[in-house]
Amino acid sequence: MISEKIQNILNEQINKEFYSAYLYLAMSAYFDEIGLKGFSNWTRVQAREEVDHGMILFDYIIERQGKVNLRQIDMPETSFGDTLEVFEKIYSHEKYVTDSINCVANMTDEECDLATRYFINWYIKEQVEEEANVDDVIKKIKLFGGEKAALYHLDKELASREYKYHSYES
Ligand code: OFO
């Protein structure tokens, strides 16, 4: 069984993961609106991964005989700037999520909860990957500047991202 402190912080994390999904969906809708289907696809795939992150936490709380407390999800922004601005926003959001995951890890240490410590390691690894993926897109946008042809090709590249469910073990 998990302690109340661990239960609370995991429930907060569920909320952050679902908020992330909302934020990515808002960005996806925006990219669709301005005709960047590839960027829209990339953010939509990311939104689905965020739902998975939330659900893995959800299932873990239940498995550890805790109580899932779903909280209100904040409304995401609905208007955004150019592709660089959006991806810089994504990067800073992911850094915020990384900090939040690190706080969960710290709390598992405080509470001597080794099972949750082991569980949360997957999220630590996942955040490294997410920050790197976003940084990769930012670098490409910066490298090619505002060139329309380059944006067209990057949009095509981002269109190839496919959603696949990855369990927390993999
Ligand atoms: Fe769930 O990793 Fe992004 O926010």
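Only the coordinates and a few stated rules stand behind these numbers; no lab work does. Predicted model only: the values in this text are computed from it and were never measured. Cβ placement follows ideal geometry from the backbone for every residue including glycine, while neighbour counts extend to all protein chains displayed.
Given VAL128, TYR165, SER3, which one lies farthest toward the positive end of the charge dipole of the chain, if we put +1 on the Cβ of every Lys and Arg and -1 on the Cβ of every Asp and Glu?
The residue sitting most towards the positive pole is TYR165.
Take the residue pairs LYS37/LYS164; LYS5/LYS89; LYS95/LYS140; LYS37/LYS89 and return only those whose Cα atoms are more than 27 Å apart. Walk me through the numbers before you get to the answer.
Working: LYS37/LYS164 19 Å; LYS5/LYS89 30 Å; LYS95/LYS140 19 Å; LYS37/LYS89 19 Å.
Too far apart for the 27 Å limit: LYS5/LYS89.
Under a Cβ-only charge scheme (Lys and Arg +1, Asp and Glu -1), can you give me the dipole magnitude of the chain about the Cα centre, in debye to the nearest 20? Walk me through the intermediate numbers first.
Details: 19 positive and 32 negative charges, 65 e Å.
Magnitude of the dipole: close to 320 debye.
Cβ neighbours within 10 Å, averaged per peptide: list 55-64, 12-21 in order, most packed at the top. Kindly include the intermediate steps, with their values, before the conclusion.
Values: 55-64: 16.4, 12-21: 20.9.
Top of the packing list down: 12-21, 55-64.
Where does each of 107-113, 35-41 land if you order them by average Cβ count within 10 Å, highest first? Intermediate results must be reported in sequence, preceding the final value.
On the way: 107-113: 15.3, 35-41: 18.9.
With the highest mean Cβ count within 10 Å placed first, the list reads 35-41, 107-113.
Report the residues of the range 137-170 in range of a label on ASP82: point 7 Å along Cα→C-beta, backbone N strictly under 17 Å from it.
Inside the label zone: 137-155.
For the range 84-94, take each phi angle, set θ = phi - 60°, evaluate the Karplus expression 6.51 cos²θ - 1.76 cosθ + 1.60, and give the result in whole Hz per residue in order, putting x for glycine and proline.
Couplings: 5, 4, 5, 6, 5, 5, 4, 4, 6, 5, 5 Hz.
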